[in-house]
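Visitor: I am attaching a structure below and will ask some questions about it afterwards.
The values are calculated or read from the model by the stated rules, or taken from the named source; none is laboratory data. As the structure is a prediction and not an experimental result, all values here were calculated from the model. Cβ placement follows ideal geometry from the backbone for every residue including glycine, while neighbour counts extend to all protein chains displayed. Only protein heavy atoms, including side chains, enter the accessible area calculation; ligands, DNA and RNA are left aside. Shrake-Rupley method; radii C 1.70, N 1.55, O 1.52, S 1.80 Å.
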There are 2 protein chains.
Amino acid sequence: MQQPDPRRLSLNTATVRKQWSLDKIIDGCARHEIHGISPWRDQVQALGLERTAQMIRSNELTVSGYCRGGMFPGIDEAARRTADDDNRRAVDEALAVNAACLVLVVGGLPGDSKDITGARSQVRDGLGRLLEYSRNVGMPLAIEPLHPMYAADRACINTLEQANDVCDELGDDGLGMAVDLYHTWWDPKFFQQIERAGRKRILGFHICDWLVPTQHLLLDRGMMGDGVIDIRAARQAVEALGYQGAHEVEIFSEHNWWQRDPDSVLATCKARHLTHC
Amino acid sequence: MQQPDPRRLSLNTATVRKQWSLDKIIDGCARHEIHGISPWRDQVQALGLERTAQMIRSNELTVSGYCRGGMFPGIDEAARRTADDDNRRAVDEALAVNAACLVLVVGGLPGDSKDITGARSQVRDGLGRLLEYSRNVGMPLAIEPLHPMYAADRACINTLEQANDVCDELGDDGLGMAVDLYHTWWDPKFFQQIERAGRKRILGFHICDWLVPTQHLLLDRGMMGDGVIDIRAARQAVEALGYQGAHEVEIFSEHNWWQRDPDSVLATCKARHLTHC
């Protein structure tokens, strides 16, 4: 089948976060027959965890991922312990909303460090500590490789190969990755490394588009079809491996999609999903 | 020795291109006792190729690289032929100014293509055609891996590993790479791949810094020491392999360094080279 299964579409709530609070987003998903959602912690906190879980259940939404844990590197032991505590809470929240996985933005250089190799070691160690907890309670952790332009301040895992290496090192049980095309479309080893990852490790699949030119490093992502990413080829490749999870739309767009009527944004996501994914 | 050899400092003329024309930049290098220069083609054209070559000779400047050739992918055969012609002219100009190498920004997706694998093949093929010419006249070609944020519109070779793979495929004779830390500092295989490249393939070494936050994808590079790159570790690693070429400063900085008095920019480059490289 060329076109994607429309039931696999999931909405990362960042996509309309400027226009709607989480309860309105959940209502919007129901109204537009979008069956999946991926909420952010700050929005969940604002609505309340219990209320969020209840609204998601009553609207029969699938939670494709919970955003987000991570940020493992710290300037000292105390900072890392604080991050560890917070990450365990994120696991608990992910369980409460019945998320498919906790998405991890692993963190960059702590403080004024220039030691990216050291930061990567801290990520591996922190992930190892969190796994002791998450495996016990049964919440899968999804490492999200972020685009190298975020290596300093957001995530020093920047390729699928790195994510696979960490999975090799720490073990596959309850550990895998979220493949976000915005971050990985350029990767010369994209197809090789998703094959290496295989069905078991691919816990999420995130879509949007890379615009040319891109006006801002963070807040100028494109709607599927408006940029240069061959989303369909990537989607078919992960599904050929057996991936049966969601296609999660995550668009940070200060000057375009965040300025639009959110109902029209959701309608556009649905339409573009069929035509471009 | 911890500190770098000050005689290895080279000025990529982009660093003060908003303030000075090329003749003034050459004079500035002489005045500040900066012994290397790397000029851009548009500046050379404005000053005249003969005049440029003569000024560089009379000031005894080393030309660490000539900027730039490349842009191999084209929407059709005619476009690629036009690029080929232009690249041969760039080789001739590089010879005329006695450059150590012609730096190649290899090009991104042609037209509205989403086929980055195809673009990479076009790069390899175009490079192969140019090598037939450049090897004959004796001008080394330096592939410059560009940061993945430029994969769509500037260069689809984005890692040192890709550059090494292309060198393996096309042969080392007259072919190597320019290692620009702005583009490659995040690369998890940085040290592994410069070792694989070895002295023979490392034809250039470019420095500046990655600022946090970075305000613009193109025009917000930092002065050495103002960002997160461990320049000294990288410089020592390439020199441990036997690299004896220049440390070329290349800073595109619309709102900071391009707004300053160019003499103070050159003085800062000299000082920061010693303290941070």
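Visitor: On the given criteria, is A:G222 closer than 29 Å to B:P213 by Cα, more than 14 Å from chain B (Cβ to nearest Cβ), buried (at least 16 other Cβ atoms within 10 Å of the Cβ) and within 18 Å of the chain's Cα centre (by Cα)? Write out each step before concluding.
Guide: Numbers: closer than 29 Å to B:P213 by Cα: yes; more than 14 Å from chain B (Cβ to nearest Cβ): no; buried (at least 16 other Cβ atoms within 10 Å of the Cβ): yes; within 18 Å of the chain's Cα centre (by Cα): yes.
Against the criterion (closer than 29 Å to B:P213 by Cα, more than 14 Å from chain B (Cβ to nearest Cβ), buried (at least 16 other Cβ atoms within 10 Å of the Cβ) and within 18 Å of the chain's Cα centre (by Cα)), A:G222 does not qualify.
Visitor: Which residues, counting only those in the range B:183-197, are part of a helix (DSSP H, G or I), surrounded by fewer than 24 Cβ atoms within 10 Å (Cβ to Cβ) and out of contact with any strand residue (DSSP E or B) (no Cβ under 7 Å at 6 or more places or on another chain)?
Guide: Of all residues in the range B:183-197, those part of a helix (DSSP H, G or I) come to B:183-184, B:190-197.
Add one more test, that the residue is surrounded by fewer than 24 Cβ atoms within 10 Å (Cβ to Cβ), and what stays is B:190-193, B:195-197.
If the condition is that a residue be part of a helix (DSSP H, G or I), surrounded by fewer than 24 Cβ atoms within 10 Å (Cβ to Cβ) and out of contact with any strand residue (DSSP E or B) (no Cβ under 7 Å at 6 or more places or on another chain), then B:F190, B:F191, B:Q192, B:Q193, B:E195, B:R196 are the ones that fit.
Visitor: Among the residues of the range B:87-123, what is the count of those that are within 14 Å of another protein chain (Cβ to nearest Cβ) and of a type in the set (G, A, S)?
Guide: Filtering the range B:87-123 for residues within 14 Å of another protein chain (Cβ to nearest Cβ) gives B:106-121, B:123.
Narrowing the set further to residues that are of a type in the set (G, A, S) leaves B:107-108, B:111, B:113, B:118-119, B:121.
Number of matching residues: 7.
Visitor: Does A:K200 satisfy being open to solvent by 30 Å² or more (accessible area, probe 1.4 Å), basic (K, R), within 13 Å of another protein chain (Cβ to nearest Cβ) and out of contact with any Lys or Arg (no Cβ under 7 Å at 6 or more places or on another chain)?
Guide: no
Visitor: Does at least one position in the range B:124-144 carry a residue that is in contact with a helix residue (DSSP H, G or I) (Cβ under 8 Å, 6 or more places away or on another chain), facing chain A (nearest Cβ under 8 Å), under 19 Å from B:A197 (Cβ atoms) and open to solvent by 10 Å² or more (accessible area, probe 1.4 Å)?
Guide: Narrowing the range B:124-144 to residues in contact with a helix residue (DSSP H, G or I) (Cβ under 8 Å, 6 or more places away or on another chain): B:124, B:126-131, B:133-134, B:137-141, B:143-144.
Cutting the leftovers down to facing chain A (nearest Cβ under 8 Å) gives us none.
No - not one qualifying residue is present in the range B:124-144.
Visitor: Can you spot a residue in the range A:15-27 that is open to solvent by 10 Å² or more (accessible area, probe 1.4 Å), over 17 Å from the mean Cα position of the chain (by Cα), of a type outside the set (D, E, K, R) and closer than 30 Å to A:R232 by Cα?
Guide: Yes: one or more hits.
Visitor: Another question, if that's okay. If B:T214 satisfies every condition in (1) free of Cβ contacts under 8 Å to residues at least 12 places away in the same chain; (2) within 14 Å of chain A (Cβ to nearest Cβ); (3) in a helix (DSSP H, G or I) but one, which is the exception?
Guide: Of (1) free of Cβ contacts under 8 Å to residues at least 12 places away in the same chain; (2) within 14 Å of chain A (Cβ to nearest Cβ); (3) in a helix (DSSP H, G or I), only one is false for B:T214: (3).
Visitor: Now a separate question. Looking at (1) over 21 Å from B:V105 (Cα atoms); (2) assigned to a strand (DSSP E or B); (3) not acidic (D, E), can you tell me which one B:M177 breaks?
Guide: Failing condition for B:M177: (1).
Visitor: Looking at (1) farther than 17 Å from A:Y182 by Cα; (2) assigned to a loop (DSSP other than H, G, I, E, B); (3) within 11 Å of chain A (Cβ to nearest Cβ); (4) of a type outside the set (S, T, Y), which is the one condition that is false for B:D153?
Guide: (1)
Visitor: Does A:D86 count as acidic (D, E) and either under 19 Å from the mean Cα position of the chain (by Cα) or surrounded by 14 or more Cβ atoms within 10 Å (Cβ to Cβ) (or both)?
Guide: Details: acidic (D, E): yes; either under 19 Å from the mean Cα position of the chain (by Cα) or surrounded by 14 or more Cβ atoms within 10 Å (Cβ to Cβ) (or both): yes.
Considered against the rule, which asks whether it is acidic (D, E) and either under 19 Å from the mean Cα position of the chain (by Cα) or surrounded by 14 or more Cβ atoms within 10 Å (Cβ to Cβ) (or both), A:D86 comes out as yes.
Visitor: Could you give me the residue pairs with C-beta distances under 8 Å whose first residue belongs to the range B:251-277 and is part of a helix (DSSP H, G or I), whose second residue is surrounded by fewer than 18 Cβ atoms within 10 Å (Cβ to Cβ) and among the small types (G, A, S) wherever it lies, and which are 6+ apart or on separate chains?
Guide: B:R272/B:G225; B:T275/B:G225; B:H276/B:G225
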